[in-house]
Amino acid sequence: MLTIKDLSKTYPNGVRALHNITLEIPNGMFGLLGPNGAGKSTLMRTIATLQEPNSGEIRMNGLDVLNDKNEVRKLLGYLPQEFGVYPKVSAEAMLDHFAVLKGITRRSERRDAVHGLLEMTNLWSVRKQKLGTFSGGMRQRFGIAQALLGDPRLLIVDEPTAGLDPEERNRFHNLLSEIGEHVVVILSTHIVDDVSELCTRMAIISQGELLLTGDPRHAIENLRGMIWRKGIGRGELGDLKQHLHVISSRLQSGRTVVHVLCSDRPDDTFEPVEPNLEDVYFSTLLNSAVAAA
């Protein structure tokens, strides 16, 4: 169990990245959703002991994360949104180097760990290939391999599927699901489908504020009977937003289709929609914006 209490961070330039964030994250897959600039990466870096908050506390199974950083790092695996590799080094050699840095000093133990992770991440056949030749999906799988060195009890992955093609994304989802059966996995993303498909618990943050936390299925159920859909012309969106809570709009077959949040059918031109996590996400952000206005 990871417990975060009253965590706040304001940068020297005055940007408030986090404001009194309080969360309990059990074993399993936990999704952290929010728009770009919401504070997700700041929260991830703070949990990963890479930066200090202004106030608050974090505990991992009773361990003080902010004050016992060396002990926490022994339990931690971290895949940041962007990470560098030596392009002329092979995947196997680089992973072996990371294993030494992780404290796996016995050669036989290190070999077994490296080979096992290359197999797990489907990189065994390219283990001798230079990292500079890897595709985006292969690089992400290498990133998760290095994050899993040392059998971490807490795994943090920041925007892991951004830029991946559908096949690589599905492979990555399967890998994370398997890992998440035994440890705390925090998946930070702005891709709603990733959380919907993988996570049993989630939180939505925006502008450093925690807006919602809980079971994605329960959050979806709470919107049942409140989401309505309508196809409109290009010039109608602005007028519709003045009268209704439009939570999303997208082009479908040349028409703009809007989703509206309303306790009753706005009029006969709207049809009911089965809500999904994207509706939860956008309605949460809209309610926050309305409350702040």
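Would you calculate a helix-derived [θ] at 222 nm for the chain, using -39,500 (n - 2.57) for each DSSP H run of n ≥ 4 and dividing by the full residue count, to the nearest 500?
Rounded to the nearest 500, it is -10000 deg cm²/dmol.
How big is the antiparallel share of DSSP beta bridges in the chain, given as a percent to the nearest 5?
Restricted to the chain, the bridges split so that about 65 percent are antiparallel.
Report the gain in length on full extension from GLU236 to ARG250: 0.36 nm times residue separation, minus Cα-Cα distance, nm rounded to one decimal. Mind showing how you got there, number by number?
Values: separation 14, 0.36 × 14 = 5.04 nm, distance 1.31 nm.
Extending this stretch completely gives an extra 3.7 nm.
With viscosity set to 0.692 mPa s at 37 °C, what whole-number translational diffusion coefficient in µm²/s follows for region 1-159 from Stokes-Einstein and a Kirkwood radius over Cα pairs?
D = 194 µm²/s.
Across the chain, what fraction of all alpha-carbon pairs, as a whole percent, falls in each successive 5 Å bin from zero upward?
Taking all Cα pairs of the chain, the binned fractions are 1, 5, 11, 14, 15, 14, 12, 10, 7, 5, 3, 2, 1, 0, 0 percent.
Have a look at SER90, SER135, SER283 and tell me which one the Gaussian network model of the chain (Cα, springs below 10 Å) gives the largest fluctuation.
Ranking SER90, SER135, SER283 by mean-square fluctuation puts SER135 first.
Can you give the extra length, in nm with one decimal, that the chain gains between ALA292 and ARG107 once fully stretched, where that is 0.36 nm per residue apart less the Cα-Cα distance?
Details: separation 185, 0.36 × 185 = 66.60 nm, distance 5.73 nm.
Contour length minus the Cα-Cα distance gives 60.9 nm.
Which ³J(HN,Hα) values in Hz, rounded to whole numbers, follow from the phi angles of region 228-244 under the Karplus curve 6.51 cos²θ - 1.76 cosθ + 1.60, where θ = phi - 60° and Gly and Pro get x?
Ordered by residue, 3J(HN,Hα) equals 10, 10, 7, x, 10, x, 4, x, 8, 5, x, 5, 5, 5, 6, 10, 9 Hz.
For region 1-85, rounded, prolate or oblate, judged on the Cα gyration tensor with a ≥ b ≥ c (square roots of eigenvalues), a/c < 1.5 rounded, else prolate if a/b > b/c?
Rounded, since a/c falls under 1.5.
For SER206, enumerate residues with amide H under 5 Å from its amide H, sequence gap 5+ or separate chain, H modeled in the peptide plane.
Close amide H contacts, sequence-distant or interchain: LEU211.
Expressed as an acute angle from 0 to 90° and rounded to the nearest 10, what is the orientation of the C-alpha long axis of helix 166-179 relative to the principal long axis of the chain?
Approximately 70 degrees, to the nearest 10.
Once the piece of chain linking GLN51 and SER90 is laid out straight, how much longer is it, given 0.36 nm per residue of separation minus the C-alpha distance between them? All intermediate terms of the calculation are to be shown ahead of the outcome.
Working: separation 39, 0.36 × 39 = 14.04 nm, distance 3.06 nm.
Working it through step by step, the gained length comes to 11.0 nm.
Of the lysine pairs in the chain, how many meet both conditions: Cα atoms under 21 Å apart, and a spacing of 8 or more in sequence or different chains?
Lysine pairs, 8 or more places apart or on different chains, close enough: 10.
Where a number appears in this text, it was derived from the coordinates with a stated rule and is not lab data. Remember, predicted model here, so these are calculated numbers, not experimental data.
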